[in-house]
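Structure first, commentary second.
No lab work stands behind these numbers, since they all come straight from the coordinates. None of the values given here were measured: they were computed from a predicted structure. Ideal geometry is used to build each Cβ from the backbone, glycine not excepted, and the neighbour counts take in all protein chains shown.
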Amino acid sequence: MYLKHAAVLAASAFLALPAFAQYQEAAPQEETGKVVLTLEDALKVALSENTAVKVADMEIQRQEYARKGSYGALLPQVSASGMYSYALKKQKVYFGSDKTDDEGGSSGGGMAGMMASLMNPIMYYINELYAGTGVPFVPYVDPDADKESGGSSEPMEMGRSHSVTLGLSAQMPLVNFQLWESLRLTGDQVELAVEQARESRLGTVASVKQAFYAILFAKEAYNVYNSVYENAVENFRLTEMRYNAAKASELDLTRAKSNVAAAIPNLYNAENSVELALWQLKAVMGVDLERNIDVAGSLADYADQMFSDIAEGNEATLEGNSTLRQLAQQAEMMARQIRMQQYAYLPSLALTFSYSYLSQSDIFNLSQWRWFPSSTIGVSLSIPIFSGGQRYHAVRQARVQADELELQRENTERQLRIGIRQSLGTMDTAMRTYDASREALATAEKAYDIAVKSYQLGKSTLTDLNNTELVLTQSKLAVSQAIYNFVIAKAGLEQTLGYDFNER
């Protein structure tokens, strides 16, 4: 039963060999049209094509438009208006009174009373001119007064049935402290948007670096597992030769076949990891996912930078951290918000102007209407007195928000410092692990070479050879893992410290 199971494994291994060989033959043909990118090239493409960067730049533009639009509040606000109305019931007014004055003249209502009130002062003036001449004063009495009013005060209708008003008004602030402070606040919002765009760029740079290093690490793993696969094939060939020469047992031959079969899935998984890492890099860069790209270099290229970068990282400060910069700008904006709420207690002065055209008629015929213009210009003073405590509580609310922001800043700075120490610790550990792994790799390579020669001479078993190969594989992966951990921690540290791509 065991031999039957071993035969199945061997058959599957040999069936997979032609397929894998066919893949290796087709791989060079896929290189046509492939774009090989360095890390710097990938960063440049990402900073121009990444969606987050584009959105951040558009947000800056939006805030710029908002700032420019806010300055329009300093200019005259001009508006036009028009109104038409139809009088369902006209207003009625009374002129004069129902009593006779002391001089005997009639001050009745209606038109008669109005005429008497207008003419009597003139008659008094004439009487003064003729004073001493013996001419008696005769007050004005309308002969039709009794006919018009019937001896009593009657109301008179005013206005017309149709009324049209066209107007133009303008207002411009002269003194408004709250408005001026709000304009400064819009400028701070633009600066905040710029810093947020910088944060997006820093995040994009870190993401591109992480994706780039992930590809290099996946390639290192692929090379290691490919080497394991090639060694397994070579060991199977040697074991088969020894088995045919009756120098190896059938158990050794079966183990050799099993090693070949076990190496293939790891190789395919490593290959798939490379493809996924390339897709991740294309997504972060913002390019077409179907575009054929590759990366240049290897993790070993970054090994020499480990010792210099760890010394530089120990001198890190948080002056360039984007999060703290944004919190500082938000604190400044909150201070302006408090001042703006306090300025609500101050008076404001505005210049006003109005021009209107009025026409009334009982006949709905625009060509026969008479238009009467009127215009005014003045200064409007607004003095806030009482608002039910709204201004007071608005100031208190803004101060509480400022206190909350300060607590948030302190906690954020504390967490960032912990993150810096963690990144530096990871980099230091990776550097020490790299030194130890390189020594272990040199020893493992030497042990594997000895085991191969011993197995070829028949002085060791296949199990001994497999054990040394396993140690060699782990040592190779440990070296690559140490470099990968270092560069990933370094990328995160640079993002925390706010190192711009142009600066570094």
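Assorted remarks:
- Note that region 307-464, at 4 °C in a medium of 1.567 mPa s, gets a Stokes-Einstein diffusion coefficient of 52 µm²/s from its Kirkwood radius over C-alpha pairs.
- Burial order of peptide ranges 225-232, 60-67, 176-183 (average beta-carbon count within 10 Å, highest first): 225-232, 176-183, 60-67
- FRET efficiency estimate (nearest 0.05) - Cβ-Cβ, Gln397 to Ser354, R0 35 angstrom: 0.40
- Spin-label model distance (nm) - Ala283 vs Ser375, 7 Å beyond Cα toward Cβ: 6.7
- Rough spin-label spacing in nm, given labels placed 7 Å along Cα→Cβ, for Asn244 and Lys68: 8.3
- Backbone N within region 160-179 under 19 Å of label point (7 Å from Ser361 Cα along the Cβ vector): 160-167
- Residues listed by number, region 197-217, amide nitrogen under 12 Å from Leu324 label point at 7 Å toward C-beta: none
- Label-to-label distance, nm, for residues given as Arg336 and Glu413 (7 Å Cα→Cβ offset): 2.3
- Fully extended contour minus Cα-Cα distance, from Lys92 to Leu405, at 0.36 nm per residue: 106.2 nm
- Cα centroid of region 169-191 to Cα centroid of region 400-468, whole Å: 57
- For the listed peptides 399-412, 239-252, a ranking on the average number of other beta carbons within 10 Å per residue, highest first, reads 239-252, 399-412.
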